[in-house]
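Everything below concerns the one structure shown next.
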Amino acid sequence: MPVPDVQFLLLPILEALANSKGLRYVDTRARLAESLGLTRDDMQEMEPSGRYTKLQHHTYWAMRHLLQAGLVMPIRRGRDVFLLTAEGKQLLKDPPPRLDLEYLQSLPAYEQWQNNSKAPVNNEGPSSAKAGPEATSEEVVESAFQRLNGELQADLLDRMHKSPPSFLEQVVVDLLIAMGYGGGEAARGTVTGRWGDGGIDGTIKEDALGLDEVYVQAKKYAEGNTVGESDVRNFVGAIDVANSTKGVFVTTANFTRSAKAYVERSSKRIILIDGKELARLMVQYGIGVRTRQTFRLQRIDEDYFESGPV
């Protein structure tokens, strides 16, 4: 099963601590994995940041909430060993129908912590795509980043819709070079844009002598339109005439189901990139965007303190 969100882990963590004399984070995660039936792949699934596994991230925040609610307490400084409090034991004797962050807000210790620190709470957990007014600080940052990234991609696609077709052709060639095609050398990418070329708008020479080429077609369509099977078939035909096997078909719109099915059946190696994927790749590889400001989001490395300095 996928790693549950923060709220789901609240009760399992209390249950894991119930029959122990104290657990470290690493021990708590091991018990959670066993009780929840998590596979090795589940346990190794990473957060989008790539810095922590989801199990590490969600366990950390669930434990933080339980600490602030007075249901759990640390018993060994510097190594973060946790034990149930009297309140935590009492809650386990008669648990609520749903132990979530909304329930924790009804506990005096948690309410006082919120009032003193103005620390917000996320009722949906960090796996949520949005963070409301009750999100933790880290979750707010992550949610804001995702929202801004989404807005940026939407703006990019809007710009592409308003730009002439020749601009899209250049963007696609620049993008492929940035992705490493042609060895990343701009000189190996060429915009053709010729009439009667069978729809080939650009080429990428994958080697210095041009013995192997990737052919490109860029089709600017308005939002809501689609590229059909006939367009893709014509492109494949043009690639065949050029005695090549590789092609990238990019559109600012979408591809029909039949167009995608045709590519899967084709003997040529064709990659289809729709408008949303185009915008995502432009952001990822820095085409048409620039970094405005960089933030480093850091927190305590619990594993370091659990194992001690090497």
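Ranking 224, 238, 35 by Cα position along the charge dipole of the chain, where only Lys, Arg, Asp and Glu carry charges on their C-beta atoms, puts 35 farthest toward the positive end. Relative to the current alpha-carbon distance between residue 53 and residue 161, full extension at 0.36 nm per residue lengthens the span by 35.1 nm. Scanning residues 5 or more positions from residue 52 or on other chains, those with amide H under 5 Å from its amide H are 47, with H placed 1.01 Å from N in the peptide plane. For region 60-99, the spherically averaged projection of the C-alpha convex hull amounts to 3.0 nm². As a size descriptor, the averaged projected area of the C-alpha convex hull of the chain was calculated at 21.9 nm². About its Cα centre, the chain has a charge dipole of approximately 240 debye under the convention of +1 per Lys or Arg Cβ and -1 per Asp or Glu Cβ, with nothing else charged.
Would you mind telling me the antiparallel percentage of the DSSP bridges in region 154-310, rounded to 5? In region 154-310, DSSP labels about 35 percent of beta bridges as antiparallel.
The charge dipole of region 60-107, taken about its Cα centre with unit charges on the Cβ of Lys, Arg, Asp and Glu (plus for the first two, minus for the last two), comes to roughly 280 debye. The value of relative contact order for region 201-310, using C-alpha pairs under 8 Å at least six residues apart, is 21 percent.
Antiparallel as a % of all DSSP beta bridges within the chain, to the nearest 5? Within the chain, antiparallel bridges account for around 50 percent of the total. Taking every Cα-Cα distance in region 232-310 and sorting them into 5 Å bins starting at zero, the pair-distance distribution P(r) comes out as 3, 11, 16, 13, 10, 9, 7, 6, 7, 7, 6, 3, 1 percent. Distance between the pseudo-spin-label points of residue 94 and residue 187 (7 Å out from Cα toward the beta carbon): 8.1 nm. Computed with a 1.4 Å probe over protein heavy atoms only, the accessible surface of the chain comes to 57 Å² per residue. Per residue, the convex hull spanned by the Cα atoms of region 137-238 amounts to 137 cubic angstrom. Evaluated at 10 °C with a viscosity of 1.306 mPa s, what Stokes-Einstein diffusion coefficient in µm²/s does region 4-61 have when Rh comes from the Kirkwood expression over alpha-carbon pairs? Result for D is 137 µm²/s.
Contact order, relative form, for the chain: 13 percent (alpha carbon pairs under 8 Å, 6 or more residues apart, mean separation divided by residue count).
With K and R counted +1 and D and E -1, the other residues having a Cβ less than 12 Å from that of residue 212 yield a net charge of +1.
The values are calculated or read from the model by the stated rules, or taken from the named source; none is laboratory data. This is a predicted model, so every value here is computed, not measured. No Cβ is skipped: glycine too gets one built from the backbone with ideal geometry, and neighbour counts run over all protein chains shown. When the accessible area is computed, the model is the full protein with side chains, heavy atoms only, and any ligands, DNA or RNA have been set aside. Shrake-Rupley method; radii C 1.70, N 1.55, O 1.52, S 1.80 Å.
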